[in-house]
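Throughout, read-outs are computed from the coordinates displayed, never taken from laboratory work. Computed from a predicted structure; not experimentally measured. Neighbour counts are summed over all protein chains in view; Cβ atoms, including those assigned to glycine, are modelled from backbone coordinates with ideal geometry.
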Amino acid sequence: MRNMKFKFSDFLMSISTALDFIEIDVLSVETNHLKRVAYVSLRLAQYFNLTIQEQIDTVSFSILHDNGLTQTLLNNKVRYNDLKEFYQRESFKEHCIVGEHNVKSFPFLTKHKNIIKYHHETYDGKGFFRIKGDNIPLIAQFIAFSDYIDFVFKYKKVDDKKKEKLIKYIKEQKNKRFSGKIVDAFLEISGEDGFWYLLNDDNIERTLKLEIPLYEQKTDIDNILKIMNVFSKIIDSKSQFTEKHSDGLSKKICKMCESYNYDYNEKIKLIIAGKLHDIGKLAIPIEILDKPKKLDNEEILIMKKHSYYTNKCLSNIDGFEDIAKWASNHHEKLNGTGYPKGLKAHELDFNSRLVACLDIYQALTEERPYKKSFSHKEAIDILKNMALNNQIDIDITNDIDKVFESS
C-alpha cells in the first residue's frame, strides 16, 4: 500500500509562512503576502463560480506563484544586493517559466496550464509574454490582480485613505492592467463588511483556512515525493553555498534505508524528511546564510533557529508527524547539547539519529566556497570523534562508513 495520508491544501498552508520569508527577503513584501494573494484570488474564483476543485487549485497556484524565484536568481548568479537591477532585466521573467516547469508534477485537481507562467501578464498585453485579454488564463488573472495590489498597496493594514487610493487606482486600470470583469468583481467583494479586516496579519491565516473548500483525496506516496523535489530545490536555491545539499542528503538516506532493508513507505518518508530538513532556512536572512566568514555569536543563534522553523512548518501537517520529527531533529545530539530542543539519547529514535549523522556527513563531503570537500575517510574520522564525545550514534556512523566507503 503506497498511499499516504496527505492533504495538499494543508501542506501549502503550513509552508506558506516559510515561502513568505522568500518574498520578504527577495521582494521586500509584507508578511503573509502569499496568504492574502490566495484569499483574494479564492474570493474571485468563488465570484466567478469556479468549481470546488478549481477553487482549491486557485489557492495552490497562489501560494506557489513565485516558487521559481530563488532558482532563477541562482541560475543567473544574482545575489540579493543586485535585485533592483535584476527586476528591470528581461531575464526576470525566467522565474515564471521555471515556476511553471516546477509545478508539472504537483497533484492539482484540475488541468489548468500556464497559470504560474502568466501570473505577471496584464490585460492590455504589456506583460512579460505579451499575452492579451482573455487569452490569459482566468486563474492567472486572479493571481496577477491580487499579487500586484497587495505588493503596491499592502493589504496588511488598509485605512480609509489607503482604501480610497487603492479603489481609485483599480478603476483607472479597468481593461488596462486588469480585466474589467475582475475589477467589478473585486469592487463588489471588497465592499462587504469585514473584508479588509479579514486580510490583516492577525486574521488572514484563520480566514483562509475557513474559506478553502473541504476536499479529501488519496495521494500516492511517490507523488508526494515529486512535490517535495520542488521544495527541495527552493530550499537549496536560497543560498549559493547549499545548492545541492538537500538532494545529496536524500540520496544518502535512500542508500542507507536500502542497506537496512526498510519498507518502501518508511524509506520514502525518510527521504522526504531529508528533502525538507532545512525548510526552516527560508526564514533565515540571506546575509547570514551567504556569509563567507565565520558567524558571530548573535548570527549563530539566528542560524540555529532554522530547525525550530522546520518543526513549525511541518508539525501541523496531518500525516507528517514522523517526517516533522526526523527533519527537525537533525541538529540534536545524544548528550543534549544539540538544538532546537536539547533532546537527549533516550528521546531520539533511530531515524532521527540516522538523519543527523547523514546530514553531518553530507555537509562535510560537500565543497563550499569557504572550504574544500572532505574525503570519505576524513569525514568518517570527524563523525567517529563526535560519536566518542556522545554527540552522535557510533553504530550508525560505522554503518555509514561501510556503505559509502567505496563511493
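Here are some notes:
- Cβ-based exposure ranking for 2, 36, 353, in which fewest neighbours within 10 Å come first: 2, 353, 36
- Estimated at 0.36 nm per residue, the fully extended path between residue 49 and residue 305 surpasses their Cα-Cα distance by 87.9 nm.
- Members of 238/305; 233/281; 269/325; 126/176 lying beyond 19 Å, as alpha-carbon distances in this model show: none
- With Cα atoms, 0 to 90° folded angle of helix 33-47 axis to the chain main axis: 50
- Mean projection area, nm², convex hull over Cα of region 239-404: 9.2
- Paramagnetic reach from residue 200 (point 7 Å along Cα→Cβ, amide N under 17 Å) across region 11-50: 30-33, 36
- For the cross-link pairs 7/209; 252/402; 333/402; 226/251, the ones whose C-alpha atoms lie over 19 Å apart are 333/402.
- Region 179-299 shape via C-alpha gyration tensor axes, a/c threshold 1.5: oblate
- Distance between the 7 Å Cα→Cβ label points at residue 167 and residue 389: 6.4 nm.
- Compared with the dominant principal axis of the Cα atoms in the chain, helix 264-276 is inclined by about 70°.
- Where Rh is the Kirkwood radius over Cα pairs, Rg/Rh for region 93-198: 1.00
- Between helix 245-259 and the chain: long-axis angle, C-alpha atoms, 0 to 90°, nearest 10: 50
- Taking Cα centre as origin and charging only the Cβ of basic (Lys, Arg, +1) and acidic (Asp, Glu, -1) residues, the dipole magnitude of region 3-211 rounds to 440 debye.
- Each of 142, 12, 320 was placed along the dipole of the chain (beta-carbon charges, centred on the mean Cα), and the one lying farthest toward the positive end is 142.
- Length released on extending from residue 368 to residue 381, taking residue separation times 0.36 nm less the Cα-Cα span: 2.7 nm
- Among the listed options (1) 34, 22, 21; (2) 32, 29, 19; (3) 41, 22, 19, the one matching semi-axes √(5λ) of the Cα gyration tensor in Å as calculated from these coordinates is (3).
- The chain, dipole about Cα centre (Lys/Arg Cβ +1, Asp/Glu Cβ -1), debye to the nearest 20: 820
- Gyration tensor (alpha-carbon) shape descriptor, region 3-211, a/c threshold 1.5: rounded
- Rounded to the nearest 20, the size of the Cβ-charge dipole of region 239-404 about its Cα centre is 320 debye, with Lys and Arg at +1 and Asp and Glu at -1.
- Using θ = phi - 60° and Karplus 6.51 cos²θ - 1.76 cosθ + 1.60, couplings along region 335-344 (whole Hz; Gly, Pro as x): 8, x, 8, x, 8, x, 9, x, 5, 10
- Helical content of the chain, expressed as a calculated mean residue ellipticity at 222 nm, amounts to -17000 deg cm²/dmol (DSSP H runs of 4 or more residues, -39,500 (n - 2.57) each, divided by residue number, nearest 500).
- Measuring nothing but alpha carbons in region 303-361 and taking Rh as the Kirkwood radius, the Rg to Rh ratio lands at 0.94.
- Distance between the pseudo-spin-label points of residue 160 and residue 316 (7 Å out from Cα toward the beta carbon): 3.4 nm.
- Phi-based couplings in Hz for region 306-312 (Karplus 6.51, -1.76, 1.60; Gly and Pro marked x): 4, 6, 5, 5, 4, 5, 4
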